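K.L.:
Have a look at the structure that comes next, please.
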Amino acid sequence: MTDSYTIDVIPGDGIGQEVIPAATACLDLVAERHGFALHWRDREWGSDYYRSTGRMLPVDGLEQLSTGDAVFLGAVGDVDIPDDVTLWGLLIPIRREFEQYINLRPNRTLPGVPSPLAGDRQLDVLVVRENVEGEYSEIGGRFRRGRPDEFALQEAVFTRQGIARVTRFAAELAAGRTGRLVSATKSNGIIHTMPFWDEVVRETAADFPGVTVDKVLIDALAARVVSAPESLDVIVASNLFGDILSDLAAAVAGSLGVAPSANLNPEREHPSLFEPVHGSAPDIAGKGWANPVAAIWAGAMMLRHLGRPEAADDLESAFGAVLAGGTRTRDLGGSASTGDFTEAVLVALRG
Ligand code: ATP
Ligand code: MG
């Protein structure tokens, strides 16, 4: 087993600059305790880089990232720069260039994290979102601009291969958990792409005898995340539906501040990217209030992907214990700063 991993770290914008150093400190310590090292290559890319160069990434940025073992990202987004520049200039090119066709988003209620769920109800859901095709396509346009009959078109593109591979990934995960896979659909209203989605999901999942697939309309499924979360385990969803569902699941679990995500290239031909679900949160940037849990948890997902599950488990246990012990940032109703919380995780890791 290799004892050193090269990680490209892009803190990016806003609270990305606060939560990433917090997470890398925890990752360095857990790595040291497990006998391996993380070699960080700092990449000061993002909105400031854009302001000085007109690009979110250097011209050869993707090439530089291609030689690393993983990418660790904070956030990209800036109130003064449109999303189509920030997101489409950095995150989406990385996802597509490195065929990160899985967006994996675990969400679970954690002891010490207040959830809006009634009583002691729990949620433990893995959203497997298709990450490179579907509704977020470049095909379409605005027509007859400014006229009364102006219209816009946006084409969704679904491929057999794209649906099959995300389904296989989700079915494998479901087989290792409860065997229950829910597929998010809307085939009663979206009559071309969604029946195709249903058909390919059903055919692909048939190869997994221990897995049952339940197709559920996205509107009913959204309600179920809130009203019967314990009935859900692994959810496979298209790009748009997965995006919405995972934010909903994150909110039900407690806070965007604790939701991690992995953009995976399962074949490991290219680096995968790990990031908190939240954005740059300009309203609290620079105040030291940001919750570092989402970034630390994303770091644990990275360790798992790199083949270091014991280190990942230790890191998850450490922040879990700190939360359960009552140390919380403001988004969770506490008063700990980013630094206080991080220090508590480091203490827990030293155990
Ligand atoms: P972006 O445009 O980069 O997506 P945003 O304004 O949409 O940024 P998000 O970061 O997605 O903001 O989060 C929405 C709100 O949730 C923020 O305004 C912030 O108050 C809160 N929030 C998000 N992440 C955190 C965090 N890690 N800690 C504390 N609060 C957070
Ligand atoms: Mg946002």
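K.L.:
Assuming residue 144 fulfils every condition listed in (1) at negative phi; (2) at pLDDT 95 or above; (3) not assigned by TED's automatic domain parsing to the domain that holds residue 266; (4) not hydroxyl-bearing (Ser, Thr, Tyr) apart from one, which condition is it?
P.N.:
So residue 144 meets the others, but not (1).
K.L.:
Next question. Can you tell me which residues in the range 204-219 are modelled with pLDDT of 95 or more, of a type outside the set (Gly, Ala, Ser) and either in contact with a helix residue (DSSP H, G or I) (Cβ under 8 Å, 6 or more places away or on another chain) or part of a loop (DSSP other than H, G, I, E, B) (or both)?
P.N.:
Of everything in the range 204-219, those that are modelled with pLDDT of 95 or more, of a type outside the set (Gly, Ala, Ser) and either in contact with a helix residue (DSSP H, G or I) (Cβ under 8 Å, 6 or more places away or on another chain) or part of a loop (DSSP other than H, G, I, E, B) (or both) turn out to be 204, 207, 208, 211, 213, 215, 216, 218.
K.L.:
When you go through 162, 179, 189 one by one, which is the residue that is at positive phi and outside the structural domain of residue 267 (by TED's automatic domain parsing)?
P.N.:
179
K.L.:
Of the numbered conditions (1) among the charged types (D, E, K, R); (2) within 21 Å of residue 244 (Cβ to Cβ); (3) outside the structural domain of residue 64 (by TED's automatic domain parsing), residue 149 fails exactly one; give the number of that condition.
P.N.:
Result: residue 149 passes all but (2).
K.L.:
Across the range 287-316, what is the total count of residues that are under 18 Å from residue 273 (Cβ atoms), assigned to a helix (DSSP H, G or I) and in contact with a Phe, Trp or Tyr (Cβ under 6 Å, 6 or more places away or on another chain)?
P.N.:
Here the count works out to 4.
K.L.:
Can you tell me which residue is nearest to the chain's Cα centre (by Cα) among those in the range 146-179 that are closer than 21 Å to residue 106 by Cα and among the polar types (S, T, N, Q)?
P.N.:
The extreme case among them is 167.
K.L.:
Do you know which of the residues in the range 266-293 that are within 14 Å of the chain's Cα centre (by Cα) and under 23 Å from residue 36 (Cα atoms) is farthest from ligand 2 (Cβ to nearest atom)?
P.N.:
Applying the filter and picking the extreme gives 272.
K.L.:
If you scan the range 14-56, which residues turn out to be among the acidic types (Asp, Glu) and closer than 15 Å to residue 94 by Cβ?
P.N.:
Initially, the range 14-56 is screened for residues among the acidic types (Asp, Glu), giving 18, 28, 32, 42, 44, 48.
Hits for the range 14-56: nothing passes.
K.L.:
Any idea how many residues of the range 117-143 are farther than 27 Å from residue 101 by Cβ and surrounded by 10 or more Cβ atoms within 10 Å (Cβ to Cβ)?
P.N.:
The first filter runs over the range 117-143 and keeps only residues farther than 27 Å from residue 101 by Cβ, leaving 117-122, 142-143.
Restricting the remaining residues to those that are surrounded by 10 or more Cβ atoms within 10 Å (Cβ to Cβ) gives 117, 121-122, 142-143.
Here the count works out to 5.
K.L.:
Here is a follow-up. Of all the residues that make up the range 276-310, how many are in contact with a helix residue (DSSP H, G or I) (Cβ under 7 Å, 6 or more places away or on another chain), near ligand 1 (Cβ under 6 Å from one of its atoms) and small (Gly, Ala, Ser)?
P.N.:
3
K.L.:
Looking at the range 150-181, which of its residues are of a type in the set (Lys, Arg) and without any contact (Cβ under 8 Å) to a residue 60 or more places away in the chain? Even if it seems obvious, please write down each step before you answer.
P.N.:
Kept after step one, since they are of a type in the set (Lys, Arg), are these residues of the range 150-181: 160, 165, 168, 177, 180.
The answer is 160, 168, 177, 180.
K.L.:
Given (1) modelled with pLDDT under 95; (2) over 30 Å from residue 329 (Cα atoms), where does residue 117 come up short, assuming only one miss?
P.N.:
Against the list (1) modelled with pLDDT under 95; (2) over 30 Å from residue 329 (Cα atoms), residue 117 comes up short only on (2).
K.L.:
Let me ask something additional. How many of the residues in the range 54-102 are assigned to a helix (DSSP H, G or I) and within 14 Å of ligand 1 (Cβ to nearest atom)?
P.N.:
To start, the set of residues in the range 54-102 that are assigned to a helix (DSSP H, G or I) comprises 61-65, 83-97.
Next, from what is left, pick out any that are within 14 Å of ligand 1 (Cβ to nearest atom): 83-92.
Residues flagged as assigned to a helix (DSSP H, G or I) and within 14 Å of ligand 1 (Cβ to nearest atom) within the range 54-102 amount to 10.
K.L.:
Please go through the range 57-87 and give me each residue that is within 16 Å of ligand 2 (Cβ to nearest atom), crowded, with 16+ Cβ neighbours inside 10 Å and not small (Gly, Ala, Ser), ordered by number.
P.N.:
Our first condition is that a residue be within 16 Å of ligand 2 (Cβ to nearest atom); within the range 57-87, this holds for 73-87.
In the following step, the residues that additionally are crowded, with 16+ Cβ neighbours inside 10 Å were identified as 73-78, 81, 85-87.
Of everything in the range 57-87, those that are within 16 Å of ligand 2 (Cβ to nearest atom), crowded, with 16+ Cβ neighbours inside 10 Å and not small (Gly, Ala, Ser) turn out to be 73, 76, 78, 81, 85, 86, 87.
K.L.:
Would you point out which residue out of 123, 110, 90 is within 20 Å of the chain's Cα centre (by Cα) and in the same structural domain as residue 174 (by TED's automatic domain parsing)?
P.N.:
Working: 110 fails: in the same structural domain as residue 174 (by TED's automatic domain parsing); 90 fails: in the same structural domain as residue 174 (by TED's automatic domain parsing).
Matching residue, one of 123, 110, 90: 123.
K.L.:
A further question follows. Within the range 232-261, which residues are at pLDDT 95 or above, surrounded by fewer than 21 Cβ atoms within 10 Å (Cβ to Cβ) and over 14 Å from the mean Cα position of the chain (by Cα)?
P.N.:
233
K.L.:
Residues in the range 137-157: is at least one outside any helix (DSSP H, G or I), among the β-branched types (Val, Ile, Thr) and farther than 30 Å from residue 333 by Cα? It would help to see each step written out before you state the result.
P.N.:
Residues of the range 137-157 that are outside any helix (DSSP H, G or I), as a first pass: 137-157.
In the following step, the residues that additionally are among the β-branched types (Val, Ile, Thr) were identified as 139, 157.
This time we only want the ones that are farther than 30 Å from residue 333 by Cα, so: 139, 157.
Checking the range 137-157: at least one residue is outside any helix (DSSP H, G or I), among the β-branched types (Val, Ile, Thr) and farther than 30 Å from residue 333 by Cα.
The values are calculated or read from the model by the stated rules, or taken from the named source; none is laboratory data. Please read these numbers as outputs of a predicted model, since none were measured by experiment. Please note: Cβ atoms are built from the backbone with ideal geometry, for glycine as well, and neighbour counts cover all protein chains shown.
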